Amino acid sequence: MTQRISKTKRFIMMNPVIQFFKYIYLSIKILVVVAGGHGGTRNKV
Amino acid sequence: MQIIFHQTDANHFSMKCNAIILQLNNQPMAKIVILGAGISGHVAASHLRRKLSKQHEVVVVSPNSNYQWIPSNIWVGIGRMKSEQILFPLEPLYKKKNIGFKQAKAVSFHPEGDKEVTKPYVMVEYVKGEDKNNFEKVTYDFLINATGPKLAFDMTEGLEPGKNKAYSVCTYGHAEHAWHGLKELIEEVKKGKKAKILIGTGHAKSTCQGAAFEYILNVEQELRRHDVRELVEVTWIANEYQLGDFGMDGMLLSYGSNIMKSNEMIEMIFEDRGINWIIGAGVNKIEDGVAHYETLDGEYKTETYDFAMLIPAFSGHGFKAYDKEDNDITEKLFKGFMIVDADYTPRPYEEWTVQDWPETYQNPSYKNIFAPGIAFAPPHAISKPRVSKNGTAISPAPPRTGMPSGITAKLVAENIVDIINGKKTLNHKGSMGNMGAACIASAGFGMTKGSGVSITTYPIVPDYVKYPDTQGRKLGKTFGEIGLAGHWLKLTLHYAFIYKAKMKPFWWLIPE
Ligand SMILES: Cc1cc2nc3c(=O)[nH]c(=O)nc-3n(C[C@H](O)[C@H](O)[C@H](O)COP(=O)(O)OP(=O)(O)OC[C@H]3O[C@@H](n4cnc5c(N)ncnc54)[C@H](O)[C@@H]3O)c2cc1C
């Protein structure tokens, strides 16, 4: 096992208060990608 | 009712040429048959039912009486969820919503009918109840093939869920079985046994690396929870050339203020968790506790284990198709999976483009047949194909995860509704080259101790022309995050999608 994630980073990753805000932020960010829509890639002939 | 198809140039996929005129004569009713009730089949059925008036018939044919939320199988496989929490019976829901249901499996396709039946039909075989083993010709005006993949365990010698200490988590039944195997091993380790766990892909051309990735991180966390981690060696084995390829050629993603390659991110996670890895490995044979594999260098090696979870190859179901005269026309409908509006011209990797990928999932020969989700034949892989020194192809097949499966099913349903309402072109399009995907990979279960790796990718199929400097993807929309919030997100998705699948009030507001 090699410690690749620093103690501070791990604290941030697992702190419920910080992660609650991250949860809200990620939900919105993901929704933007998802709701960003989709479409074709070919030009109309 | 009569459906008239305008003659089209088979090689010309333009929407103009795809004109379909639906003539509603004396019977103003359309019958839409959906094969499969997985993510794509169920999404298509629910949207069709919501948007079509009662005079139109929606019928689902599926051998499984339950709907299952497959992504949560990972948690069934570590004993943190019961199967009952991820599934529900379809028949009562369909009855309530006026959707027909036949617990049967499609056997053959007859898109022109036959000498006795003038309408197109699918031959289905009932799998349960009084009608078990009986066949029926189920006629249709529109057919949606949403049968997903065949879990082709038979393509790897000795790979069978629960045999040779190797398991699968691809269905809830398999996942339950895997948990029993894992639990037994954990008990033995608690008594002092040292053990080896092997998780990854069980074939040189497997896909769905993401599911195996989730499972290995969850298993690793459970070993820590049971206080036995020290005694267990955990190893990842996959056909990926680099870690974090996921069948999508890897990705460049923003991670906090950094820009990182997915292989660097996954390497960081694996090293931090003490997980070993073997990559570029095509598993070709499983014996009791031994996985045989070939490497890209052409070497033949083995890896021993006490518990393994290996994702099999996914293949088409081997359906046959026949014309009116009973001639075999399978090659018009299938290329392993179902042929749709993709460009299947064989080309070298360097010449692949996003334009090769389908937009409407309509079969070019029979325009009232569609195949969303995993059921459509991809034009090619997404990851760069690689061959071992012995000539064995060892690289991931293209994944089609839950989100694109849902999106493509919804757009197919919307196009069918449009045609029924008299539109002459297919206006709803969704190429995987112009679609984003969110992949929330569970990295451990628990409200305070859990973790998740949240990754979004846009587009799914890299567009190297549009985004030449960022490995074919848009950076702001392609990002990764690791932490407890990821677990909460995955859990939220579990509840939200089961709510949506149960068609509870305002279900359609939840995006696919
Ligand atoms: C363990 C696991 C975890 C996953 N996790 C995620 C995740 O976190 N996020 C994500 O986006 N994706 C995930 N995926 C992928 C996702 O589950 C698939 O992309 C999705 O299920 C594909 O949907 P589908 O409807 O095309 O196929 P399926 O869900 O496989 O559905 C196929 C349906 O067809 C039926 N069928 C089969 N044969 C016949 C026949 N002959 N006639 C009629 N019906 C038939 C089957 O019973 C089934 O109902 C995961 C997959 C696995 C295996």
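For this structure, a couple of remarks:
- Tally of Lys pairs whose C-alpha atoms are under 26 Å apart, taken over the range B:170-293, 8 or more apart or cross-chain: 11
- Given +1 at the Cβ of Lys and Arg, -1 at the Cβ of Asp and Glu and no other charges, the dipole of the protein assembly as shown around its Cα centre is 1960 debye to the nearest 20.
- DSSP-loop GluC sites (Glu not before Pro) across the range B:171-276, with at most 15 other Cβ within 10 angstrom: none
- Between chain A and chain B, the total buried accessible area stands at approximately 3400 Å², from heavy atoms with a 1.4 Å probe.
- Solvent exposure ordering (accessible area, 1.4 Å, most first) of B:Ser431, B:Ser254: B:Ser254, B:Ser431
- Interchain or long-range residues, amide H under 5 Å from B:Ile339's placed H: B:Phe334, B:Ala377
- A cut-off under 12 angstrom between Cβ atoms defines the neighbours of B:Ile460, and their net charge, with Lys, Arg +1 and Asp, Glu -1, is +2.
- When nucleic acids and ligands are ignored and a 1.4 Å probe is applied, B:Thr470 ends up with an accessible area of around 30 Å².
- The long axis of helix B:402-420 is offset from the longest Cα principal axis of chain B by roughly 0 degrees.
- Selection among B:Thr478, B:Tyr495, B:Thr456 by position relative to the dipole of the range B:456-503 gives B:Tyr495 as farthest towards the positive end (Cβ unit charges, Cα centre).
- Net charge in the neighbourhood of B:Ala397 (other residues with Cβ under 15 Å of its Cβ; Lys, Arg +1, Asp, Glu -1) is +3.
- Nearest 10 degrees, 0 to 90: helix B:262-273 Cα axis against chain B principal axis: 40 degrees
- Counting only DSSP beta bridges whose two residues both lie in the protein assembly as shown, roughly 60 percent are antiparallel.
- For B:Ser383, the residues whose modelled amide H falls within less than 5 Å of its own, excluding neighbours fewer than 5 places apart on the same chain, are B:Asp249.
- Angle in degrees between helix B:172-190 and the longest Cα principal axis of chain B, rounded to the nearest 10: 10 degrees
- The slack between B:Asp297 and B:Thr353, meaning 0.36 nm per residue of separation minus the straight C-alpha distance, is 17.3 nm.
- Carbon plus sulfur fraction of accessible area for the protein assembly as shown, probe 1.4 Å, in percent: 53 percent
- For B:Lys82 and B:Glu160, the difference between the fully extended length at 0.36 nm per residue and the C-alpha to C-alpha distance is 25.9 nm.
- Taking A:Thr2, B:Thr456 and ordering them by how much accessible surface each has at a 1.4 Å probe, largest first, produces A:Thr2, B:Thr456.
The values are calculated or read from the model by the stated rules, or taken from the named source; none is laboratory data. Owing to the predicted nature of the structure, the values given are computational and were not obtained by experimental measurement. Every residue, glycine among them, receives a Cβ derived from its backbone with ideal geometry; neighbour counts consider all protein chains shown. Areas reflect the complete protein model, heavy atoms only, side chains present, ligands, DNA and RNA absent. Shrake-Rupley method; radii C 1.70, N 1.55, O 1.52, S 1.80 Å.
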